[in-house]
Structures are given as structure tokens and as C-alpha cells.
Amino acid sequence: MNKSVKKIPSPMKASSVFPNGFEADFLGSDAPAIQILNSLNTGVIVCNHSGEISFANAYASKILKCAQKDIMQSRVERILLPIEDIIESVQGDAQDRTRQEKNIQLKNGEEVTIGYHLSEVTIAGGNQGEHSQFVVTFQDITKWNALHRDRDRLLRIATVGDVLPTILHELKNPLAAITTAVEVLIEEVEEIPAKESKALLQAILGEIRRMKLVFEGIGSSHRELRSPTMMAVDEAIREAVSVLKAKAKSVGIVLSCAVDNMPPLFLDTAVVRAILFNLLSNAIDACRSGDEITVKAGLKKDARSFELIVRDTGCGMPKSVQAHCTELFKTTKPNGSGIGLSLCQNTVSAAGGTLHIVSEVNRGTCIKVKVPLND
Ligand SMILES: Nc1ncnc2c1ncn2[C@@H]1O[C@H](COP(=O)(O)OP(=O)(O)O)[C@@H](O)[C@H]1O
Ligand SMILES: [Mg+2]
């Protein structure tokens with residue numbers, strides 16, 4: 001623990017910062033350091049290893065809706081969080097100390113979310129000699145979290161809006177094929193042999209499955225990539241590619257796919273398809289007639305990770321575009337939304353995976369999604 005303990009350097013010696021050796025009686029003190037702490041727009045609470053609070057600044061009082069003096073007579077677990085959690089967190093990995101958050105109930109019954117950071121400082125002097133104290137700096141992030149939720153909700157709505165024209169287009173072809181097949185069946189049901197009728201019915205079923213696939217893609221924008229049940233990811237990828245093959249072909253792009261046979265995986269096929277849908281849509285946008293797109297998928301490193309690669313020979317990205325292309329709302333297209341890659345990146349990162357982009361102007365782009373598989 002002591003490695004991370006900061007010593008307060010002189011001239012900010014703690015004995016002068018906190019008169020009376022932390023005896024919590026410095027409200028109204030005009031010591032410059034106290035004035036500085038009280039002018040911060042961040043809550044600051046200092047407590048000892050038993051959880052007794054020795055200092056709270058003015059902003060802590062504002063966030064917690066409780067008088068500074070009352071906070072200072074309280075214990076940290078009654079105001080913020082259990083002292084055991086603070087000790088564990090401070091003694092743990094330094095990274096764990098950043099950006100922690102917790103819902104707490106204020107004295108007036110109101111629930112707020114606080115984001116906090118913990119550190120330990122060694123205080124020299126005062127009545128207790130050299131001893132260490134915990135410092136909790138915190139903010140009320142309730143509104144910020146609500147904004148985040150709103151943003152995510154808008155993002156989902158926008159995603160549906162973004163893919164809607166493509167989806168409608170994708171539904172047109174299967175609907176036309178179904179209509180023709182049903183018309184043939186109605187008109188010639190008495191004349192055509194049973195074998196042919198069955199083939200037509202199977203063709204209809206195939207088209208209905210394609211439509212289902214497209215609808216699934218829309219429904220998956222709020223789901224997680226990992227799934228509690230095992231699913232046939234390889235089949236899902238092949239199906240998704242076949243849905244977009246017609247679109248690619250219509251603009252002279254050759255779309256091919258090499259998907260290894262894989263055992264069922266703990267991944268949600270609807271989400272895998274949605275990622276592929278976004279990557280392939282971008283690749284098609286980047287290509288012109290004569291260009292090629294290849295989709296590869298398989299397991300790597302003794303089946304410890306799943307890999308999906310979409311490579312195109314399209315226009316590629318300059319470095320300045322590539323550096324920001326996964327950021328939300330970053331788009332270079334006149335009617336683009338800048339949502340697709342951001343969504344892919346977020347979904348893959350949330351599952352502990354990576355999205356790696358290699359791109360060269362006029363040569364093309366290769367995007368590799370890698371997701372570790374849990375045993
Ligand atoms: N395969 C690709 N080839 C070239 N540029 C790409 C490719 N994929 C993504 N990009 C770039 O990244 C930007 C962001 O993509 P995306 O988030 O899907 O939003 P949108 O497609 O709406 O523009 C695109 O506008 C484009 O400039
Ligand atoms: Mg896109």
C-alpha cells in the first residue's frame with residue numbers, strides 16, 4: 001500500500017493545511033489551503049483508516065446536501081462508502097481507483113450517483129504524528145449518467161433510421177420472389193407435379209428466412225455480443241453474406257466469403273450479423289464496379305478467440321479519416337450518419353474484443369474483429 005502513498009510536500013504541509021492535526025474543527029478557518037479546498041468544484045472528503053471523517057470541503061456539502069460540520073462528525077460509510085471498500089480499492093491495482101461510481105442515498109432520501117477517485121496521503125505533524133489518511137474526491141454524476149442513457153437510446157433509434165432504407169431495399173427482393181412463387185402455385189397447382197410444388201414452397205421458405213434475418217439485424221442494436229446460449233455463428237455469417245450478395249452484385253462488386261465450420265459459440269448471432277451488416281455496408285459504399293469484398297471468419301489460437309474479417313479493394317481511408325472513423329457521428333458521406341463503426345467498436349469492446357483497421361487510399365480497407373471466447 002505504501003508505494004502509492006503520497007506525501008504532502010511542503011509548503012503544503014498537512015499540519016498547516018489541517019490545523020489541530022485533523023481535529024475537524026477548522027470550519028471557518030481562513031488557512032489558505034482550506035480556502036482553496038473549499039473553492040473546488042469537486043467534493044473532497046478525508047477520513048482515517050477507521051472511517052472517521054476529518055475534513056469535508058464546501059462542495060462535498062453541496063453534493064451530499066448536508067452541512068459541512070455534520071459530515072465531519074460522521075463516518076464515511078454513513079455518508080459515502082464502506083471504509084473496507086476504500087481500503088481494498090486503494091491497496092488494489094492503481095487502475096481500479098479511477099472512474100469508480102456508486103449509487104448512494106442522501107439523508108433526505110434522494111438517490112444520486114457519485115463518480116469518485118480514492119487516494120492515500122501521509123500527513124506529517126499534528127497531534128498524531130505521521131499517519132496516513134484517505135482522500136475521496138467525488139462528483140454527482142446522476143445527470144451525466146442520465147444524459148448517457150438518453151444518448152444511447154437516441155443512438156439506437158438513429159441506427160434503425162440509418163439502416164431502414166437498406167432494410168426496405170433488402171426486403172423488396174424476397175417479397176418479389178415470394179409473390180411470383182405463390183402466383184405460380186395458385187395458377188398451376190393442379191397441373192404441376194408434387195415435386196415441383198414442394199421445391200416452390202421450399203424457395204418461399206428460403207425467402208421468408210432471409211427476411212427474418214434482416215429483421216433480426218434491426219432488433220439487435222441494443223443487445224450484447226455475448227450470449228448465454230451457444231449459437232451457430234458460421235451459418236449466421238454465411239446467411240448474412242448471401243443477403244448482401246445481391247446488393248453487391250447489382251453494382252458490379254464481387255462479394256465472396258470463406259467461413260470456417262465452427263462449433264456453436266457463446267455469441268449472439270443477431271449481433272454478429274448486425275456487425276457484419278455495418279462492415280459490409282461500408283465496404284460496398286467504398287467500392288466501385290469491379291472491386292472485390294471478401295468476408296472471412298473462423299476460430300484462432302486453439303479456438304480461444306473468434307475472428308471476423310471484412311476486406312475490400314475500395315477507395316480506402318486517408319490517415320486523418322482512419323484516426324477518427326470509429327468515433328460517433330464521424331462520417332465522410334453526404335448522407336452518412338457516422339454511427340455504424342462506432343456501434344461495432346462499442347459492441348466488440350464491451351465483449352472484451354478488438355476492432356482493428358488497416359486502410360490505404362486507393363488500395364482498400366481491411367477490418368478485423370477479434371473476440372476472446374470464454375471456456
Ligand atoms: N471499408 C471502408 N472503406 C473506406 N472508408 C470507410 C470504410 N468503412 C468506414 N469508412 C469510413 O468511416 C466513416 C464512418 O463509418 P460509419 O461509422 O459506418 O458511418 P457512415 O457509414 O454512416 O459514414 C465513413 O464515413 C468512411 O469515411
Ligand atoms: Mg456505415
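So here's what we get for this one:
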{"item": "Modelled FRET efficiency - R0 45 Å, ALA176 with HIS356, Cβ distances, 0.05 increments", "result": "0.70"}
{"item": "Probe 1.4 Å - accessible area at THR354, Å² to nearest ten", "result": "80"}
{"item": "Integer Hz, Karplus 6.51/-1.76/1.60 couplings in order for the stretch 351-361, x for Gly and Pro", "result": "8, x, x, 10, 10, 10, 10, 10, 8, 9, 4"}
{"item": "Under-5 Å amide H pairs with MET262, H placed in peptide plane, nonlocal only", "result": "ASP234"}
{"item": "Computed accessible area, GLU190, all protein chains, 1.4 angstrom probe, square angstrom", "result": "150"}
{"item": "Backbone HN-Hα couplings from phi across the stretch 295-302 [Karplus 6.51/-1.76/1.60, Hz, Gly and Pro as x]", "result": "10, 10, 8, x, 9, 10, 6, 6"}
{"item": "Approximate spin-label separation LYS333-ALA199, in nm, with each point projected 7 Å along Cα-to-Cβ", "result": "3.8"}
{"item": "Extension gain from HIS49 to SER256, taking 0.36 nm per residue of separation minus the Cα-Cα distance", "result": "68.2 nm"}
{"item": "Nitroxide proxy distance, nm - points 7 Å out along Cα→Cβ at THR122 and LYS319", "result": "4.5"}
{"item": "Percent carbon-and-sulfur accessible area, the stretch 147-372, ignoring ligands, DNA and RNA, probe 1.4 Å", "result": "58"}
{"item": "Distance in nm between pseudo-label sites at ARG363 and GLU224 (7 Å out along the Cβ direction from Cα)", "result": "3.9"}
{"item": "Exposure of ARG238 as accessible area (Å², to 10), given a probe of 1.4 Å and all protein chains", "result": "70"}
{"item": "Shape call, the stretch 201-327: gyration tensor on alpha carbons, a/c limit 1.5", "result": "oblate"}
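The values are calculated or read from the model by the stated rules, or taken from the named source; none is laboratory data. If you're wondering where the values come from, they're calculated on a predicted model, not measured in any experiment. Every residue, glycine among them, receives a Cβ derived from its backbone with ideal geometry; neighbour counts consider all protein chains shown. Remember, those area values only see protein heavy atoms, side chains included, never the ligands or the DNA or RNA. Shrake-Rupley method; radii C 1.70, N 1.55, O 1.52, S 1.80 Å.
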